[in-house]
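Enquirer: This is the structure I have questions about; it appears just below.
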Amino acid sequence: MSEKKSYGFTTTILHNDRQKPIEHGSLHKPIHTSVTFGYNDARQLASVFQGKEAGFRYGRQGNPTISALEDKITKMEDGVSTLCFATGMGAIGAVFQALLRAGDHIVSSSFLFGNTNSLWQTAAGQGVQVAFADATDVANVEAALTPATRLVFLETIANPRTQVADLARIGQLCKERGILFVVDNTMTSPYLFRPKTVGAGLVVNALTKSIGGHGNALGGSLTDTGAYDWSAFPNIAANYKRNPPAQWGMAQLRAKALRDFGASLAPEAAHHIAVGAETLALRMERASSNALAVTSMLAADERVAAVYYPGLASHPQHALATDLFKAYGSLFSFELKDGIDCFDYLNRLKLGISASNLGDTRTLVIPVSHTIFYEMGAERRASMGIAESLIRVSVGIEDTADLLDDFQSALAG
């Protein structure tokens, strides 16, 4: 495989490890469990620690297995570098931990994953001001900006109500104002969408979800796309400015979030995720197709009150999603008509598994208000449009006819 030739998404990921020497001709980068790395020349050890040459220092800041996964994610996102973390929340937390200071201001989408919402509440308690805005319209984000705004944080497709952010216009706004644009790409994945195309400087991926794909490993990543000018970011410490400005952000993130905070990915998990990533495109195509088929069926059923999926023409941001994404993803949610108990419905499903995860090969279902969004309270749920009967579905890769029969049969009672 030639580095100079341009290959497709899956071909690139499948053969990426082989672009660098691998022990014994292995096709996958092996699992390196060592947390320490020795050097025959003490001067070389010092040079690695000082960032003057490439090398591994200590397992908390990476090892060869994790580095191979980081390179794979960078290729997926068409970025310049990637850092991997123990979880997706570890990756988002790294942004707060390493880049923000008391008195800073951020603008976040108001339609947000519950744990991320909780993290921003923690940030607010530590002196970082947080403004929530309806990101389906750039005007709302612009109105929320202040002179102290350091970053804008959005999800591509909101979990669980599937609102789609006005990504391109918000990206242009951030570029004009010199603000770091951070996009969580978990719900779309790099196969369906690359946030770099709308000016995102940092891209978050919860590797636990679609990229890993099999529900067998936790992980998260931050990718620097090269779209942001780090010389404009005021919170970079002087000792990380010894490198060219393009490297400042990731140097500080690696030191502050991995070395100091320790949210490090384990090599065994990195290996599972790297292997799972090889089939990302195939799984996303199947899951997206299944999701469209199931939501179309549910939307036509009189026992269903509402269905939320960007692939449906009735979705408020359907046209926007069509312009942005290769397909509409595997996540949808729906509400049942009054008189149909959501718990009884879920218990009648044979294939849909009551469980909390996304992007698995299997279809997973969960009653949102009573589980993952319970802690935030009824008032906050109502402000996000989350009904008490809302069911979130992460569609898997089962045979389409089997899923249609399962979801329809459960409606019959």
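The values are calculated or read from the model by the stated rules, or taken from the named source; none is laboratory data. Please read all numbers here as calculations on a predicted model, not as lab measurements. Using ideal geometry, Cβ is built from the backbone for each residue, glycine included, and neighbour counts are taken over all protein chains shown. Areas reflect the complete protein model, heavy atoms only, side chains present, ligands, DNA and RNA absent. Shrake-Rupley method; radii C 1.70, N 1.55, O 1.52, S 1.80 Å.
Enquirer: Which of the lysines could a cross-linker bridge to LYS75, judged by Cα under 28 Å and excluding same-chain residues fewer than eight apart?
Expert: LYS4, LYS5, LYS20, LYS29, LYS52, LYS175, LYS196, LYS209, LYS241, LYS256, LYS326
Enquirer: Take the Cβ-Cβ distance between ALA139 and ARG380 as r, set R0 to 30 Å, and report the resulting FRET efficiency rounded to the nearest 0.05.
Expert: Calculated value: 0.85.
Enquirer: To check you understand DSSP bridge types, tell me what percent of the beta bridges within the chain (both residues inside) are antiparallel, rounded to 5.
Expert: 55 percent
Enquirer: Let me ask another. Which helices count as membrane-span-like in the chain under these terms: full DSSP H, at least 24 Å along the axis by C-alpha, Kyte-Doolittle mean of -0.5 or more?
Expert: 280-299
Enquirer: Extension gain LEU351-GLN61, at 0.36 nm per residue separation less the Cα-Cα distance, in nm?
Expert: Using 0.36 nm per residue and subtracting the Cα-Cα distance, I get 100.4 nm.
Enquirer: Can you give the accessible area per residue of the stretch 280-413, in Å², using a 1.4 Å probe?
Expert: Accessible surface, normalised per residue, equals 44 Å².
Enquirer: Can I ask one more? Multiply the residue gap between THR36 and ARG259 by 0.36 nm, knock off their C-alpha separation, and tell me the result in nm, one decimal place.
Expert: Stretched out fully, the THR36 to ARG259 stretch lengthens by 78.9 nm.
Enquirer: I want to check the label-to-label distance for ALA305 and PHE49. Put each point 7 Å from Cα in the C-beta direction and report it in nm to one decimal.
Expert: Here the modelled spin labels are 6.2 nm apart.
Enquirer: Taking 8 Å as the Cα distance limit and 6 or more residues as the minimum spacing, I'd like the relative contact order of the stretch 19-92 as a percentage.
Expert: Taking the mean separation of contacting Cα pairs over the length of the stretch 19-92, I get 22 percent.
Enquirer: Give me the percent relative contact order of the chain, please, defined on Cα pairs under 8 angstrom at least 6 residues apart.
Expert: Taking the mean separation of contacting Cα pairs over the length of the chain, I get 16 percent.
Enquirer: Give the residue list of GluC sites (Glu not before Pro) in the stretch 1-83 that are DSSP loop and have at most 13 other beta-carbon atoms within 10 angstrom.
Expert: Listed in order of number, the matching sites are GLU3, GLU53.
Enquirer: Full-extension gain between ASP78 and ASP405, please, as 0.36 nm times their residue separation minus the C-alpha to C-alpha distance.
Expert: In short, 113.8 nm is gained.
Enquirer: Further question: Treat every Asp and Glu Cβ in the chain as -1 and every Lys and Arg Cβ as +1, leave all other atoms uncharged, and give the resulting dipole magnitude about the Cα centre to the nearest 20 debye.
Expert: Dipole magnitude for the chain comes out near 1520 debye.
Enquirer: Here's a follow-up. Given the options PHE261, HIS272, VAL294, identify the residue whose Cα lies farthest towards the positive end of the charge dipole of the stretch 252-294 (+1 on Cβ of Lys, Arg; -1 on Cβ of Asp, Glu).
Expert: PHE261
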